[in-house]
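The values are calculated or read from the model by the stated rules, or taken from the named source; none is laboratory data. If you're wondering where the values come from, they're calculated on a predicted model, not measured in any experiment. As a convention, Cβ positions derive from the backbone with ideal geometry for all residues, glycine included, and neighbour counts pool all protein chains shown. All accessible areas refer to the heavy atoms of the entire protein, side chains included, with ligands and DNA or RNA removed. Shrake-Rupley method; radii C 1.70, N 1.55, O 1.52, S 1.80 Å.
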Amino acid sequence: MCDYLVEKRVKMFGGDLASMDHSLHVRVRYFRPDLVKEYETQTGKSIDETLPIKDFEHVHYHMARANIPMLENLGGELAEVAGKRVDVGAFPWRWINGEGCICRVVAFQP
């Protein structure tokens with residue numbers, strides 16, 4: 001999916017989810033061993049078999065290399081603009097030397 005977005009030269013993308021990558025394919029994997037064990041019990045496979053470390057945070061890194069910002073945990077009235085062409089503004093906190101932060105995200109309808 002992110003290859004397609006890079007190819008189409010999108011300017012930014014987002015969604016109403018906690019992470020663009022699988023929940024256990026981000027850093028939570030290292031500080032929540034209980035979730036890893038639960039995953040392995042439910043799937044019957046090791047986490048490294050199904051979510052190999054070589055692809056760790058694939059979407060995050062792939063999009064960052066293409067200089068495409070991601071907006072995660074979007075909320076609000078998304079249904080009101082879903083499927084419509086809108087201009088989107090993301091207004092982050094001023095965080096010097098930060099790599100990500102809270103933003104106010106606004107959809108401007110024509």
* Structure fact -> Highest mean packing first, using Cβ neighbours within 10 angstrom, the peptides 24-37, 97-110 sort as 24-37, 97-110
* Per residue accessible area in Å² of the chain, where ligands, DNA and RNA are left out and the probe is 1.4 Å -> 79
* Helical contribution to [θ] at 222 nm, DSSP H n ≥ 4, -39,500 (n - 2.57), averaged over the chain, rounded to 500 -> -7000 deg cm²/dmol
* **Selected from Leu71, Phe31, Leu17, residue furthest toward positive end of dipole (the range 13-110; charges at beta carbon)** => Leu71
* To do: Report the antiparallel proportion of the DSSP beta bridges in the chain as a percent, rounded to a multiple of 5.
  => 75
* Structure fact -> Note on the range 2-110: contact order normalised by length, alpha-carbon pairs under 8 Å, 6 or more apart, percent, works out to 31
* Expressed as a whole number of Å, what is the distance separating the alpha-carbon centroids of the range 46-86 and the range 1-38? -> 5
* Can you work out the PRE-style zone for Thr43? Point 7 Å along Cα to Cβ, and I want the residues of the range 1-26 with backbone N under 18 Å. => 1, 18-26
* How large, in percent, is the carbon and sulfur part of the accessible surface of the range 2-106 at a probe radius of 1.4 Å? -> 52
* **Additional length obtainable on full extension of the chain from Phe108 to His58, 0.36 nm per residue less Cα span** => 15.0 nm
* To do: Could you give the spread of the C-alpha atoms of the chain along their three principal axes, from largest to smallest, in whole angstroms?
  => 50, 33, 28
